[in-house]
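Working notes, beginning with the structure itself.
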Amino acid sequence: ELAKRALEIAASGGHNVLLIGSPGTGKSMLAKRLPSILPDMTMAEQIETSKIYSIAGALPAGASLVRTRPFRAPHHTVSAAGLSGGGSIPRPGEISLAHNGVLFLDELPEFSRSAMEILRQPIETGAVTISRASGTLTYPCQMIVIAAMNPCPCGYYGHPSHPCSCTPGQIQRYLSRVSGPLLDRLDLHIDVAPVKFSDLSGLEKAESSASIKQRVDAARKIQTARFAGTDVRCNAQMPADMVAEFCQISPEGSRLLQRAFSQLGMSARGYHRILKVARTIADLEGEAEIQTAHLSEALQYRSLDRKYFARTGR
């Protein structure tokens, strides 16, 4: 339920997510279901995405427009050029093909260091620039990044019942493959717990994607009105000046954030991302003001990874 709640927030505000958990906890399944709760594409988004697919020669046969949000899941063996794009005549890579949709990176530490690090600038700016002798091209890549990973090489570090067979050094080396700057750009860090037998065998139906999507659509409508007349479409895309304008917090919330800033060793980027997530949580609740409870929930999603990454010094 915690992971489902986090993905609802991610869909509502366009936030990036890191899912950490043992094998079989449903990380990949959850990520693949995310498009089912995202808002429908606007005509402008369809045209933007279709242009990219047309350039890449990837438009579906007989289709003139991409009408559903892309879901790209490149294998961890993909090269840096495969992600960013390239060639003698630069063509869009997986990052741009995920524009207005989802880029899913399963088994994140298994990607090459160069492939992971090339994500940093596009995540921050929403565009990727490819330079060649023949010229320079810039492709858009406004996307939600969902990354999934095991907590250690064997996958069972921190598991309540399955013992981990890794040494502390092996765990540290595995986790350190994900750099601090990349981790800092993932807004919500979720510890996906093992599935219980009662959850699998129970007859009670879980909430449908359709009902969750209704809440996501309502939150996005609030953001559309908030950012009318600008290029910003969702909370995750807010620049610093908009964060200062739309993410005002109470003195109590400010004190809470100040303590978290010191205890978690938070960066300026992390500070702004927490405020953006808190703004999205408030939008989901239909609240005009960010309350302390919204800020507390946003901080919770930013601190869960300390269970794993504290040993790497990040």
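The values are calculated or read from the model by the stated rules, or taken from the named source; none is laboratory data. These numbers were taken from a predicted model, which means no experiment stands behind them. As a convention, Cβ positions derive from the backbone with ideal geometry for all residues, glycine included, and neighbour counts pool all protein chains shown. Areas reflect the complete protein model, heavy atoms only, side chains present, ligands, DNA and RNA absent. Shrake-Rupley method; radii C 1.70, N 1.55, O 1.52, S 1.80 Å.
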Can you list the helices (runs of 4 or more DSSP H) lying wholly within segment 108-192 that have 1 or more residues being over 17 Å from residue 82 (Cβ atoms) and of a type in the set (Ser, Thr, Tyr)? 120-125, 168-175
With the structure loaded, tell me whether residue 69 is crowded, with 21+ Cβ neighbours inside 10 Å, charged (D, E, K, R) and either part of a loop (DSSP other than H, G, I, E, B) or without any contact (Cβ under 8 Å) to a residue 60 or more places away in the chain (or both) or whether it fails that test. yes
Go through 62, 85 for me and flag whichever is modelled with pLDDT under 90, of a type in the set (Gly, Ala, Ser) and under 21 Å from the mean Cα position of the chain (by Cα). 85
Scanning segment 15-32 for residues that are surrounded by 24 or more Cβ atoms within 10 Å (Cβ to Cβ) and over 25 Å from residue 160 (Cβ atoms) gives 15
Output for segment 249-266, where each listed residue is open to solvent by 40 Å² or more (accessible area, probe 1.4 Å) and either part of a helix (DSSP H, G or I) or of a type in the set (S, T, N, Q) (or both): 250, 251, 252, 254, 255, 258, 259, 261, 262, 263
The listed residue being small (Gly, Ala, Ser), open to solvent by 50 Å² or more (accessible area, probe 1.4 Å), on the phi < 0 side of the Ramachandran plot and touching a residue at least 12 places away in the same chain (Cβ under 8 Å), out of 193, 148: 193
I'd like the full set of residues that are in contact (Cβ under 8 Å) with a residue 24 or more places away in the chain and either in contact with a strand residue (DSSP E or B) (Cβ under 7 Å, 6 or more places away or on another chain) or open to solvent by 30 Å² or more (accessible area, probe 1.4 Å) (or both), limited to segment 272-283. 272, 277, 278, 279
What pairs come out if I take residues in segment 18-40 that are in a helix (DSSP H, G or I) and pair them with residues that are of a type in the set (Ser, Thr, Tyr) whose C-beta lies under 6 Å away, six or more apart or interchain? 36/209; 37/209
Just to be sure before I move on: is residue 200 in contact (Cβ under 8 Å) with a residue 12 or more places away in the chain and within 30 Å of residue 159 (Cα to Cα) in the structure I sent? no
For segment 231-242, indicate whether the set of residues that are assigned to a loop (DSSP other than H, G, I, E, B), under 23 Å from the mean Cα position of the chain (by Cα) and surrounded by fewer than 16 Cβ atoms within 10 Å (Cβ to Cβ) is non-empty. yes
For residue 205, indicate whether it is part of a loop (DSSP other than H, G, I, E, B), of a type in the set (Lys, Arg) and either in contact with a helix residue (DSSP H, G or I) (Cβ under 9 Å, 6 or more places away or on another chain) or open to solvent by 60 Å² or more (accessible area, probe 1.4 Å) (or both). yes
Determine, yes or no, whether residue 227 is surrounded by fewer than 19 Cβ atoms within 10 Å (Cβ to Cβ), among the aromatic types (Phe, Trp, Tyr) and farther than 28 Å from residue 71 by Cβ. no
Do you know which residues across segment 88-115 are over 26 Å from residue 13 (Cα atoms) and either free of Cβ contacts under 8 Å to residues at least 24 places away in the same chain or buried (at least 23 other Cβ atoms within 10 Å of the Cβ) (or both)? 111
